[in-house]
Structure formats: C-alpha cells, structure tokens
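This report concerns only the one structure given below.
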Amino acid sequence: REILAGLADGTIDLCIGTHALLTEDVQYQKLGLVVTDEQHRFGVNQRAALSQKAEDPHMLVLSATPIPRTLEMALTGIRDMSTIDTPPEIRKEVQAYVLPFDWGMVRDAILKELNRGGQVFFVCRRINEMESLAAGIRRAVPEARVISAHGRMTEAESEAVMNAFMEREYDVLLCTTIIESGIDIPSVNTIIVYEADKFGLAQLYQLRGRIGRSN
C-alpha cells in the first residue's frame, strides 16, 4: 500500500517490479521511462498496458533473445537498436555441441566438469521423465551426486534444493526449464540439454546463458 501510494503521488522515483506493475491498481503520477528486462517474456498487450498509464513514456527493452516483432522494428528503423557485443574480459566463450544422445558422452561431460571443480545442469522438458533420467545419470556417473528440481515443487522445496546445490552438496542439478532465467551460479559451467531439438531457439539461447558466468 505504501509503494502504491508513493507511485501515485510521485514520492517514489524508481520502482523495480515484476508483472505486478502492469495491473490496474498501480497508478503513476508521471511515468517517464520504462525499462523492460527479459523483454521476450512480455506480450505486446502487457507492454501497451504500461504505455497507457502515461503520456508516451520512453521505452527501453533489453533482451538476449529479442522477439521477432521487436527485431523487425529495429532492423527496419522503426525502433532504435544498440547491441552489446563485447563480453566481460574474464569470460570465456561458451562452446556448444549438438550430438546424438549417448550416456557415454554424458559421463565424459559430467566428469570433465567435476574434475575441474565445477557443477552441471542437466535439463529435460518433462517432469515425468526425470526419475528415469536421474537413474540413468547415477548409473553412468556413480561418483556424481544428483538432485532434481521442477515447477511442481512448492516454494519451500525449490528453495531447499537450490540452496543445497549452491552450497555444493550436489554435483548435478537435473531440472526442467525453471532455470531458464534469473539463475546465476558461477560454479556451473556445463549444461546438458536432453532432447534439445524439442526446445525453441530462444529457450536454448537463454539456457546457454546460465553457464559460463564467471572466469
């Protein structure tokens, strides 16, 4: 209530929020600039909802994977576009390999990461496949400690799993696409995407961005 009042009377200058900022009960005294991160997660109507809360606010949208409509507008000159092409100096480029699925390859990839002191994401699409995949990982790499995470877990369960993984109690996190954004674990530098051909290109690009986040 205090935040809503502050936005309405102008005593708050900058508000960082989720989709909640789009709802009808949020009013702004003078909305001048909207910065949208992960732009591909917002629909056209959602962005329009913010525009309607003010008289033509400036819009700055950020994304590693711009949606086709926005990209077209940028390439045709309707919108201005700038790109950040230079990675941080300490970063090494992520190497991507597209291969037929093979448990021997999975073992080699996981062991290579473990031997350099890192951790691994193993991503699959379906929750009902996770039990058999976890058993497969344990058979292929018995020395690796495996834990699972997916969207049907409660908030408390998810938090417990992620904390245990971040504390390095486990080596491999078997998960669905819940890690697609907002996850920053510098020790994870290998990701295995199971049935990658069934994912969208933007999804794969976002997943690839979860690794190689440190030196």
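Can you find a residue that is aliphatic (A, V, I, L, M), part of a strand (DSSP E or B) and surrounded by 20 or more Cβ atoms within 10 Å (Cβ to Cβ) anywhere in region 198-213?
Step one: of region 198-213, the residues aliphatic (A, V, I, L, M) are 201-202, 204, 207, 211.
Checking which are part of a strand (DSSP E or B) leaves us with none.
No - not one qualifying residue is present in region 198-213.
Considering (1) surrounded by 14 or more Cβ atoms within 10 Å (Cβ to Cβ); (2) over 20 Å from G182 (Cα atoms), say which one P66 fails and leave the rest.
(2)
If you scan region 176-215, which residues turn out to be without any contact (Cβ under 8 Å) to a residue 12 or more places away in the chain and on the phi < 0 side of the Ramachandran plot? If you could, list the steps in order and put the result at the bottom.
Kept after step one, since they are without any contact (Cβ under 8 Å) to a residue 12 or more places away in the chain, are these residues of region 176-215: 182, 197, 200, 204.
Hits for region 176-215 are D197, G200, L204.
From the residues in region 69-102 that are hydrophobic (A, V, I, L, M, F, W, C) and surrounded by 14 or more Cβ atoms within 10 Å (Cβ to Cβ), which one is nearest to D37 (Cα to Cα)?
Applying the first criterion (hydrophobic (A, V, I, L, M, F, W, C)) to region 69-102 yields 71, 73-75, 78, 81, 84, 90, 94, 96, 98-99, 101.
Right, trim to surrounded by 14 or more Cβ atoms within 10 Å (Cβ to Cβ) and you get 71, 73-74, 94.
Values: L71: 15, M73: 18, A74: 17, V94: 22 Å.
Per the stated criteria, the residue is L71.
Anything in region 65-83 that is within 21 Å of the chain's Cα centre (by Cα), part of a loop (DSSP other than H, G, I, E, B) and farther than 26 Å from L31 by Cβ? List them, or say none.
If the condition is that a residue be within 21 Å of the chain's Cα centre (by Cα), part of a loop (DSSP other than H, G, I, E, B) and farther than 26 Å from L31 by Cβ, then T65, T83 are the ones that fit.
Can you tell me which residues in region 24-56 are in a loop (DSSP other than H, G, I, E, B), open to solvent by 70 Å² or more (accessible area, probe 1.4 Å) and either under 13 Å from I67 (Cα atoms) or of a type outside the set (K, R) (or both)? Walk me through how you get there before you give the answer.
To start, the set of residues in region 24-56 that are in a loop (DSSP other than H, G, I, E, B) comprises 24-32, 37-38, 42-43, 52-56.
Restricting the remaining residues to those that are open to solvent by 70 Å² or more (accessible area, probe 1.4 Å) gives 24-25, 27, 29-30, 37, 52, 55-56.
Within region 24-56, E24, D25, Q27, Q29, D37, Q52, E55, D56 qualify.
The values are calculated or read from the model by the stated rules, or taken from the named source; none is laboratory data. Please read all numbers here as calculations on a predicted model, not as lab measurements. Neighbour counts are summed over all protein chains in view; Cβ atoms, including those assigned to glycine, are modelled from backbone coordinates with ideal geometry. Accessible surface areas use protein heavy atoms only, side chains included; no ligands, DNA or RNA. Shrake-Rupley method; radii C 1.70, N 1.55, O 1.52, S 1.80 Å.
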